[in-house]
Structure formats: C-alpha cells, structure tokens
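Structure first, commentary second.
The values are calculated or read from the model by the stated rules, or taken from the named source; none is laboratory data. Since this is a predicted model, take the numbers as computed values, not measurements. Quick reminder, even Gly has a Cβ in these numbers, built from the backbone with ideal geometry, and neighbours come from all protein chains shown. Note: accessible area is taken over every heavy atom of the protein model, side chains too, but ligands, DNA and RNA are not part of it. Shrake-Rupley method; radii C 1.70, N 1.55, O 1.52, S 1.80 Å.
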Amino acid sequence: MTNNTNDIFNSEFSRQYDDYNHRLNEIANNLHLLIAILLRDLRENARILCVGVGTGSEIIRLAQKHPGWHFTGVDPSPDMLAVCAGKLQLESLSNRCKLVEGYLGDVPASGDYDAVLCLLVTHFIQDDQRMGIYQQINAQLVAGGRMIVAEIAGDMAADGFDEKLAFWAAMHSVASNAERDPQEIKAQLNERLMLLAPEQTERLIAASGFSSPQRFFQSLLIHGWTAKKAKD
Ligand SMILES: C[S@@+](CC[C@H](N)C(=O)[O-])C[C@H]1O[C@@H](n2cnc3c(N)ncnc32)[C@H](O)[C@@H]1O
C-alpha cells in the first residue's frame, strides 16, 4: 500500500465519484444529517476545515445551511479538487471556500478552526502514520473545537469479518448495478486501504489530544466518530 492515492482519484474516477455515491445516498444523507446536528451550535461565522475534501459534498451541504461559515478544503488529488471547484462555483459558494491541493501538513497549523471534518480519508493512511493525522487535526482546532471523522474500519483478520465483507460487497453490487465478488473486494481493500479495528481508531483519537471520542455513526464498514479538542 502506498500513501499516494492520486492513481485511484484520477480524472475518470473523479468525474464518476458523485454518481456512484448517489446510488448510496440514503447512507450519505444519514451521515450528513448527523454531522449537521453535531455542528449546529457552532458560531455564526465558524471556520471549518475539510481534510480529503474530494468533490466537496461536505462543504456544499453545510455551506447551504450556514451562510456565515467559511471553509478550507485540502486534498492531494487535483482531479477531485477540479470537480469540487466546479460544484462550488455552480452553487455560488466559491467566495467562502478556499481549496488547497496537498496534504494536511501543507496547511499551516493555525489552531483557529472551529471544526475539522475528515470523511472517508483516514483508511488510506498507513497505520504507523494514522495517529499523526489526528494530531495534525488537533493542532488545527481551537480549544474545545470539534473533529468529525468517518472511515472504513474493521479487523480483517477477525472471525466473522467475511460475513461483514459479504454485505459490503452487496452494497457495492447495488451501487454499481453489477454483482461484485466479496473476495475481489477483499483483495482491493488489502491492496489500497489500511483498515483498523474501530476500537483501535478510538484509542488513537483519544491519545491524540481529544476528549472521549464518541462513535456516532455506523453503516456496514463505515464508522464515524466525533471528539472535542481537550482544553489545556
Ligand atoms: C473517498 S474520497 C472522500 C471525499 C469526501 N470527503 C467525501 O466524503 O465524499 C477520499 C479523498 O481523500 C483524498 N486523500 C487520500 N489520501 C489523503 C491524505 N493522506 N490526506 C488528505 N486527503 C487524502 C483523496 O484524494 C480523495 O479525494
């Protein structure tokens, strides 16, 4: 597994990304409804950082509800960012959104974001570097600021994982309108992603300067956590 995912998030994939996800919209709608609930008490002019912003769904959903919020989106894939920039322009949101091509380490650690979202990204990061990203997110937040993370998680060596995998493959069969082979999906997970057991992610978040992480979401292998930056 390599840390560079631009071969996955290339031009063709980026153009199809939203259409594929649209067929799983009920899952995304649930995740984003809960995120909106978790963030509803932020100040009127809140600043939000979206790590691995991709085609920008999280920015668009939140920006439409909160006209005073400003967003920074960071992503290493120029192709995903191009789709994102086009959508922001169509929605007349570009003036409140800054896009940065690169990794979180390329964004100076300002410590002034009210919330950081990192959705469906961390499973691309090697396990020995995983804690680093939570620490980098922590450094971007104001004291008491909120992190929201969603990632594909599971202990692939555990008894019972293949049963979970069968449903995960079934989800992809629905999204792609073609039968997907669970073992082929498993090989792709092994090759491209680094899945951690949910309990391990929870421990890493807690050890990265956040107070008690709360698991607020699960749909099959997609797990979501929220945690606040601990006050000094
Ligand atoms: C599955 S997409 C998720 C996009 C968006 N957050 C969403 O929920 O629809 C994953 C995105 O993470 C980006 N990415 C991959 N590795 C990354 C890393 N180490 N840091 C930040 N972004 C990364 C990819 O380029 C891609 O745009």
Any idea of Glu91's accessible area? Nearest 10 Å², probe 1.4 Å.
-> 90
Give or take rounding to whole Å, what are the principal axis extents of the alpha carbon atoms in the chain, in descending order?
-> 47, 41, 30
Summing Lys, Arg as +1 and Asp, Glu as -1, what charge do residues with Cβ under 13 Å from the Cβ of Ile222 carry, Ile222 excluded?
-> 0
Modelled label-to-label distance, Asp18 and Glu179, 7 Å Cα→beta-carbon offset: nm?
-> 3.3
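Quick check: from the Cα gyration tensor, does region 116-196 come out rounded (a/c under 1.5), prolate or oblate? List each step's numbers first, then the result.
Working: a/c = 2.83, a/b = 2.07, b/c = 1.36.
Judged from the Cα gyration tensor, region 116-196 comes out prolate (a/c at least 1.5, a/b above b/c).
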Proximal lysines to Lys98, defined as alpha-carbon separation beneath 29 angstrom and excluding residues fewer than eight positions away on the same chain | Lys65, Lys87, Lys228, Lys229, Lys231
Please work out the FRET efficiency for the pair Leu34 and Glu163, using the Cβ-Cβ distance as r and a Förster radius of 22 Å; give the result to the nearest 0.05.
-> 0.30
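Let me make sure I get this right: for region 27-156, a, b and c are the square roots of the gyration tensor eigenvalues over alpha carbons, sorted descending. Under 1.5 in a/c it's rounded, otherwise prolate if a/b > b/c, else oblate. Which is it?
Details: a/c = 1.34, a/b = 1.23, b/c = 1.08.
Note, shape of region 27-156 comes out rounded.
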A student asked for the Cα radius of gyration and Dmax of region 95-232 in angstrom ought to give 16.4, 52
Could you list, bin by bin from short to long, the percent of Cα-Cα pairs of region 77-118 in 5 Å steps?
-> 5, 18, 24, 26, 20, 8, 0
Whenever you get a sec, compute what percent of the accessible area on the chain sits on carbon and sulfur atoms (1.4 Å probe).
-> 49
Most packed first (mean Cβ within 10 Å per residue), the peptides 74-87, 160-173 order as 74-87, 160-173
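Nearest 0.05, what FRET efficiency do Asn45 and Ala230 give at R0 = 35 Å with Cβ-Cβ as r? Can you show the working numbers first?
Details: r = 24 Å, r/R0 = 0.69.
Efficiency computed from Cβ-Cβ geometry: 0.90.
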Would you work out which of Leu119, Ala85, His66 lies farthest towards the positive end of the dipole of region 42-120, given +1 charges on the beta-carbon of Lys and Arg and -1 on that of Asp and Glu, about the Cα centre?
-> His66
Ranking Ile185, Val174, Val142 by how far each Cα lies towards the positive end of the charge dipole of region 130-197 (+1 on Lys and Arg Cβ, -1 on Asp and Glu Cβ), the top one is Val142
In square nanometres and to one decimal, what's the mean projected area of the convex hull around the Cα atoms of region 177-220?
-> 4.6
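For region 8-48, what is the per residue volume of the convex hull drawn over the alpha-carbon atoms, in cubic angstrom?
Values: hull volume 4.4 nm³, N = 41.
Given the Cα convex hull of region 8-48, per-residue volume reads 107 Å³.
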For the Asp128, Glu101 Cβ pair and Förster radius 25 Å, calculated FRET efficiency rounded to 0.05 is 0.50
For region 37-105 versus region 195-221, the gap between their alpha-carbon centres in whole angstrom = 23
